[in-house]
Amino acid sequence: MARLDKLYMGTNTKMYKTIQETRNFLLRLYELTKDLSRDEIELFVIPSYTALSAARNTVGSRQIKLGAQNMCWEDQGQFTGEISPLMLKEIGLDMVMIGHSERRHIFGESDEEENLKVTAALRHGFTALLCIGETQEQKDNGISDETLRTQLKCGLKGITPGMALKLWVAYEPVWAIGVNGKPASAEYADEKHTVIKTCLKELFGEEAGRDIPVLYGGSVNNGNAAELIQKNNIDGLFTGRSAWDADNFNSIIRSVLPLFRKRKEKFGQ
Ligand code: PGA
């Protein structure tokens, strides 16, 4: 089954939700979505580090994939405060998110660091979700496309088409994320997804590049999810605030899934 036959829907809970809150959220989300075939939807949740172990004991990979919000590129060593791939593997995680806007802009992570992390994640068999996106200033200066291409080319340096089989990309414009963000229009997001997909094909070849899921994130909500998912180049939605209530997340999923099905019927792969 081709990777893009599925709809990708996930959330990063950022620095919210305690262990117990994460467990409750996952149990409710599982209950609400268990009738949906996992051949059709890839559902994933990225909780805080402290909740990961309990989260893994709460839901199985087939039902809800679990990921870490960050990871060190070294297996072990004198890196106080860091978490290694081996530690995440021990928990049984499926994926690692790399280069979220808040990591880049609050904690100063560079494309070179993201590259080390993506490489380590893929080498260890995780799905790597690389997040990219331009700032408001870059957008105003007319260099959004150049920024995205730079983040991809530097962040994915040395990654082979074979390794890219476990790569996902999230396009999250910095100006669209969080309480002060305003969502990108579906047209704008689709246009940037085209830029990203073209660059991925340049990097990995037509076939491998085309198969990499590209998700949109940044103020996704009940009001704009349907419009976004009808765009051909948007393979899924990566949602923050609007997904942190399982019932609301479920209602977003239910609203976009039929539209995604229709799109697939109409345009195929
Ligand atoms: P938001 O977060 O949906 O709350 O804007 C998106 C993100 O940071 O991934």
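Nothing in this text is a laboratory measurement; each read-out follows from the coordinates by a stated rule. The structure displayed is predicted, hence computed values, not measured ones. Methodologically, a virtual Cβ is constructed for each residue, glycine included, from the backbone with ideal geometry; neighbour enumeration extends over all protein chains shown.
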Whole-Hz Karplus couplings 3J(HN,Hα) for region 166-180, θ = phi - 60° and coefficients 6.51, -1.76, 1.60, Gly and Pro as x, run 10, 9, 10, 10, 10, 8, 10, x, 4, 6, 9, 8, x, 4, 9
Around residue 7, which amide H atoms from residues at least 5 apart in sequence, or from another chain, sit under 5 Å from its own amide H, with H modelled in the peptide plane? 41, 42
Return the long-range amide H neighbours of residue 170 (sequence gap of 5 or more, or a different chain), with a cut-off of under 5 Å between placed amide H atoms. 130, 131, 132, 215
Compute the Cα gyration tensor for the chain, then decide on rounded, prolate or oblate, letting a ≥ b ≥ c be the square roots of its eigenvalues: rounded whenever a/c is under 1.5, prolate when a/b is larger than b/c in the other cases, and oblate in all that remain. rounded
What list of ³J(HN,Hα) values in whole Hz, one per residue of region 129-146 in order, does the Karplus curve 6.51 cos²θ - 1.76 cosθ + 1.60 (θ = phi - 60°) give from phi, with Gly and Pro shown as x? 9, 8, 9, 9, x, 8, 7, 4, 5, 5, 5, 4, 7, x, 10, 4, 5, 4
Shape of region 127-269, Cα gyration tensor, a/c cut at 1.5: oblate
Highest-first arrangement of 209-220, 180-191, 135-146, where packing means the average Cβ count within 10 Å: 209-220, 180-191, 135-146
